[in-house]
Structure formats: structure tokens, C-alpha cells
Amino acid sequence: MNTVIYYFTGTGNSLKVAKDLSQYTEDTAIIQIRQEKLSHQLFTDAKTIGFVVPTIFKGIPKLVNQFINHLVIKDQSPYIFAVSTHGDRNGMGIVSKQFEELLAKKGFHYQHTLLYKCRKIRL
Ligand SMILES: Cc1cc2nc3c(=O)[nH]c(=O)nc-3n(C[C@H](O)[C@H](O)[C@H](O)COP(=O)(O)O)c2cc1C
């Protein structure tokens, strides 16, 4: 699998964004970030890794934090991007910094973050 997009969603916006993005990437798997996945070995050998998550109280959801900490990234230099959907124009808080720190702890650096202000998306 060349590309994996991990998403977390409460009201569907981040899933919609993940699906839209997957139209522009090859051989892509879209995988939901779920609690029960933390009890399994989590790894990816994808060359492109994306995270699409909502901004919750000016940061990334706690489960996303745990998931990224748990995830084993096998490729030595994957292309990593992060998208944070949010509702309030100035509400992104520390999302970018959190992604940077989480990935840096794993020895990686992300290439792009995108903050995506969502109106209510009709699925
Ligand atoms: C509990 C909660 C907290 C939120 N906190 C913020 C916030 O701090 N800043 C912001 O811009 N949007 C905030 N939002 C809005 C969400 O980030 C936005 O609606 C997002 O698109 C939801 O994505 P989802 O549909 O994938 O869950 C919050 C939404 C909820 C439900």
C-alpha cells in the first residue's frame, strides 16, 4: 500500500476530507483511528502517511495522540502530511505544534500541515 490516510472523526467532516484527499493519492487505504486499534500491533510501511483529525479544544484529540505514539512507521523517509479540520477561524490552537512534537519523538518530520475550516459538510 503506497498511501495510508488515518482519520479520526466525531461528526464526519474529517472523514469527508480524508475521502476527498484520497482521490488525489494512489493505492490509498483510509483507516479510522479507533480505541480498540491501540490493543493491537500498529504499523505501516506506506511511503505516504496522512493524518486527518478535528481540532478539539485547541488541540488534537487524546486518542489521536495515543494512536500516533503507538504507530510503528516502517519506511525510513515517508512523506507525512497532517490535516486538521476546525470550526473556529482562530481555533487551531497548538495542533501543528502537537503534530510536530509527536512525529519528532518518533524521529520523523512532517512535510505539510493543513488547517481546514469546516462548515457543516453534508455527507
Ligand atoms: C468538543 C468539541 C471541541 C471543539 N473545539 C474546537 C476548537 O478548539 N477549535 C476549533 O476551531 N474548532 C473546534 N471544534 C470544531 C471541530 O474542530 C470541527 O467541527 C471539525 O470539523 C469536526 O470534525 P469531525 O466532523 O471530523 O469530528 C470542536 C468541536 C467539538 C465537538
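Determine if the stretch 41-60 includes at least one residue that is surrounded by fewer than 20 Cβ atoms within 10 Å (Cβ to Cβ) and on the phi > 0 side of the Ramachandran plot. Yes, some residue in the stretch 41-60 is surrounded by fewer than 20 Cβ atoms within 10 Å (Cβ to Cβ) and on the phi > 0 side of the Ramachandran plot. Look at the stretch 1-21: where a residue is closer than 16 Å to Leu71 by Cα and within 9 Å of the ligand (Cβ to nearest atom) and a partner is in a helix (DSSP H, G or I) and of a type in the set (A, V, I, L, M, F, W, C), sitting 6+ places away or on another chain with Cβ atoms under 8 Å, you get Tyr7/Leu15; Tyr7/Val17; Tyr7/Ala18; Phe8/Leu63; Phe8/Val64; Phe8/Phe67. The single condition among (1) within 16 Å of the ligand (Cβ to nearest atom); (2) modelled with pLDDT of 90 or more; (3) surrounded by fewer than 16 Cβ atoms within 10 Å (Cβ to Cβ); (4) assigned to a strand (DSSP E or B) that Ala29 does not satisfy is (1).
Restricting attention to the stretch 99-113, and to residues there that are outside any loop (DSSP other than H, G, I, E, B) and either open to solvent by less than 30 Å² (accessible area, probe 1.4 Å) or under 20 Å from Leu63 (Cα atoms) (or both), which single residue is modelled with the lowest pLDDT?
Thr113
From the list Thr44, Thr55, the lone residue that is of a type outside the set (Lys, Arg) and within 12 Å of the ligand (Cβ to nearest atom) is Thr55.
The residues on offer are Ser84, Ser77, Ser96, and the sole one that is of a type in the set (Ser, Thr, Tyr) and at pLDDT below 90 is Ser96.
The values are calculated or read from the model by the stated rules, or taken from the named source; none is laboratory data. Remember, predicted model here, so these are calculated numbers, not experimental data. A quick note on method: Cβ atoms are made from the backbone with ideal geometry, for glycine too, and the neighbour counts reach across all protein chains shown. Each accessible area value is taken on the protein alone, full model and side chains, heavy atoms only, with ligands, DNA and RNA left out. Shrake-Rupley method; radii C 1.70, N 1.55, O 1.52, S 1.80 Å.
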